[in-house]
Each structure stands twice: as structure tokens, then as C-alpha cells.
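Step one of this worksheet: look at the structure below.
The values are calculated or read from the model by the stated rules, or taken from the named source; none is laboratory data. Note that this is a predicted model, so its numbers are computed, not measured. Neighbour counts run over all protein chains shown; Cβ positions are idealised from the backbone, glycine included. With ligands, DNA and RNA removed, areas are computed over all heavy atoms of the protein, side chains included. Shrake-Rupley method; radii C 1.70, N 1.55, O 1.52, S 1.80 Å.
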Amino acid sequence: MLAQDVAVALKGSHEVITMGEHELDICHSETVNDIIEQSRPDLVINCAAYTRVDDCETEQEKAFAVNATGVKNIALACRDRGSLLVHISTDYVFDGTKREPYREADETHPLSIYGQSKLAGENFVRTILTRYVIIRSLWLYGRGGNNFAATIHKRAQEKTELRVVNDQTGCPTYTCDLAHAIKALIGVNPQGIYHIANQGTCTWYEFARRIVELTNSTAEVIPMSSDELERPAKRPAYSVLDCSRFIQETGMELRHWDAALQEYLQEQQAEV
Ligand SMILES: NC(=O)c1ccc[n+]([C@@H]2O[C@H](COP(=O)([O-])OP(=O)(O)OC[C@H]3O[C@@H](n4cnc5c(N)ncnc54)[C@H](OP(=O)(O)O)[C@@H]3O)[C@@H](O)[C@H]2O)c1
């Protein structure tokens, strides 16, 4: 999902080579090495991950193979060829007990296997490379993949009632906006960890209600608790990210999530 928008955002200004899972399995270190050796990129942006958060609980080996060892393979190849690695990570490295926006240096404490595997990936990047960029974002939705916004949009047309959790607070982030933010960041000689998200905060329930409202659906959105939903992976109750480092260094502030959502839904409706 994110990779497609990143490729579009960078096309005019960079020579972009995209690699899907069929061309490059990041778990195979030799293939990773060969491809980076052949193409010798100035910059590698790793958007690949095993992102099925609940499945990670039962598929721990796969989660760590992709999200940790795969990232290690890329970091080693980047070190050997002198390419700058921009690696995408997640708010799920935090446990959500803080009640104000998380800063880059805040203590990590993932609650899920997905979060643990993503943190292990971050740690490989930080120990292998002296110069790197780790971007943590959250609650992604966009044109290129399955996501919460698309699911609610679809279900709101089919059902009269939707139950959505109201005890997790974060910030929905549009992949198109994140892609442009990545483009801005790579232009300012970045180093280290950055938090990037759309502005504002909400719960999943509030996000769903807004989707229903904006698409003129008559479906009723009913709040529920995470305990009632009983999903295998535990999620942070609060994972708003403090993006001030990114804003300071790039001079760019992403728009409010509501404005981004409106654009996304308009585009979805135009496609239909
Ligand atoms: N989605 C979110 O809400 C969210 C929130 C915070 C951070 N992030 C992070 O943002 C990044 C992009 O997320 P996204 O939502 O765009 O994810 P996505 O749509 O699931 O894309 C990840 C891609 O990685 C591919 N992949 C999986 N295993 C691979 C392997 N071994 N080698 C090469 N490619 C492989 C997947 O292919 P298949 O589809 O064929 O498996 C998929 O195309 C990830 O690092 C994710 O952890 C996502």
C-alpha cells in the first residue's frame, strides 16, 4: 500500500526502481545483496513487511523472518554498498500507556509479536548502519491495499450496523501524504528516527463514524471495547506520535486526518 504511493511521489524527481515480493524476497540475503549490488541505489526505501498483525501472533517465525531478519539483510547490503536506508516502522513498538504524544526517544515496549518483530528490525538498522532513517507512522490507509478505511467504507454500504472499538486512540494517516512526507524528508539530509503522521487524533470508532458520515451511509456505528472484539494481538490504547522533529527539519506539516480522509473518499467514489 505505502510503497505504491512512495513510487508515485518520487517519480518526477528520482529514478525509481520498484521491487515487489515476487522480484525480491527480503528474507533471501543473497538476492537482496545481488539486487542492491546490480542497481547500486543512492537510497533504499523499505516498505516491505509482514503486516497482518493478528496472524503474527501465530506465525511468529514468519513475522521475525520478514520484519527483523529481512530488514537486517537490507541493512547489511546498504552498508556494503553505501546506500542510505529509509526503513518504515510503526507505533506498535510502544505500549500505549503514555497519555501524551510519543516522541522518537521514548521507551519502546511492544505488546504484540508484530510490534516486537518491527522493533527487532529497527534495532538491526540502528546497530548495522551509522547513517539511517527510521520512519514510524500509524493507522495507514490508501489506494493500494486493504485497510480500515476501505473496509468501513464497503461495510457501511452493505450493513445497517457496524461495531467499532472506541478505546484505542491514534491518528489515521493517508499513505499519499506519508509518501510526500518521505520525499520531503529525504531532501533534508535526515538521520535517525522520525515520527510522521497526519495531524489530529481520534479513536477507530470516531474514524469509522466520519467515514460513514462522509459517504452518506445510513449505517449506525456502535462503539465497543477492545476486550469485546477479542483480537489475538494486543494493540496500544494510545499511540499518537509527536511529529515535531519531522516538522522542524522539513518545514512541512501534514494536514489534519479529516482533510486527508475527505480526499481519499472522493477519489474512491470517483473511481467507482
Ligand atoms: N498498515 C498500517 O496501518 C501501518 C501502520 C504503521 C506502520 N506500517 C508500516 O508501514 C510499512 C508499509 O505498510 P503497508 O500498510 O503499506 O503494508 P502492506 O500493504 O502490507 O505492504 C507490505 C508489502 O510487503 C510485502 N512483503 C511481505 N513479505 C515480504 C518479503 N519477504 N519480501 C518482500 N516483500 C514482502 C507484502 O507482500 P504480500 O502482500 O504479497 O505479502 C506487501 O506487498 C510497513 O513497514 C508497515 O509495518 C503500517
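When the chain is fully extended, how far beyond the present Cα-Cα distance does His28 get from Asp80, taking 0.36 nm per residue of separation?
17.1 nm
Out of Asp55, Asp34, Asp25, any idea which swings most in a Gaussian network model of the chain, alpha carbons joined below 10 Å?
Result: Asp34 has the largest fluctuation of those listed.
So how much accessible area does Met19 have, in Å² to the nearest 10, using a 1.4 Å probe?
The accessible area comes out at roughly 90 Å².
May I ask for the Rg/Rh ratio of segment 19-74, computed from Cα atoms with Rh as the Kirkwood radius, given to two decimals? Write down the numbers at each step before the final one.
Details: Rg = 12.0 Å, Rh = 11.9 Å.
Checking Rg against Rh, the ratio lands at 1.01.
Which value, in Å to one decimal place, does the Kirkwood hydrodynamic radius take for segment 65-163 when every pair of different Cα atoms is included?
Evaluated on segment 65-163, it is 15.5 Å.
If you take the beta carbon distance between Asp54 and Glu107 as r and set R0 to 25 Å, what does 1/(1 + (r/R0)^6) give as a FRET efficiency, to the nearest 0.05?
Result of the calculation: an efficiency of 0.50.
Run the numbers for Thr160 and Glu15: contour at 0.36 nm per residue of separation, minus the present Cα-Cα distance, in nm. Don't skip to the answer; put the middle values down first.
Details: separation 145, 0.36 × 145 = 52.20 nm, distance 4.73 nm.
Result: 47.5 nm gained on full extension.
What are the semi-axes of the equivalent ellipsoid for segment 102-146, taken as the square roots of 5 times the Cα gyration tensor eigenvalues, largest first, in whole Å?
Taking √(5λ) for each eigenvalue gives 21, 15, 12 Å, largest first.
Anyone know which of Ala150, Ala68, Ala208 comes out most mobile in the 10 Å Cα GNM of the chain?
Ala150
With a 10 Å cut-off between alpha carbons and a GNM built on the chain, which of Leu254, Leu76, Leu24 moves the most?
Of Leu254, Leu76, Leu24, the most mobile in the Gaussian network model is Leu24.
Among the DSSP beta bridges whose two residues both lie in segment 128-272, what percent are antiparallel, rounded to the nearest 5?
15 percent
So how much accessible area does Phe124 have, in Å² to the nearest 10, using a 1.4 Å probe?
60 Å²
Among DSSP beta bridges whose residues both lie in the chain, state the antiparallel percentage, nearest 5.
Taking every DSSP beta bridge within the chain, about 10 percent pair in antiparallel fashion.
Give the whole-number value, in cubic angstrom per residue, of the convex hull volume spanned by the C-alpha atoms of the chain.
Residue-normalised Cα hull volume stands at 127 Å³.
How much net charge surrounds Tyr50 when only other residues with a Cβ under 13 Å from its Cβ are counted (Lys, Arg +1; Asp, Glu -1)?
-4
Kirkwood Rh, Cα Rg: Rg to Rh for segment 1-145?
My calculation of the ratio gives 0.96.
Would you mind checking segment 147-164 for residues with the amide N under 16 Å from a putative spin-label position 7 Å along Cα→C-beta of Glu206?
164
Let me check I've understood the local charge: for Ala233, count other residues with C-beta under 9 angstrom from its C-beta, Lys and Arg +1, Asp and Glu -1. What total comes out? Don't skip to the end; give the middle numbers.
Details: positive: Arg231, Lys234, Arg235; negative: Asp54, Asp55, Glu57.
Charge balance near Ala233 sits at 0.
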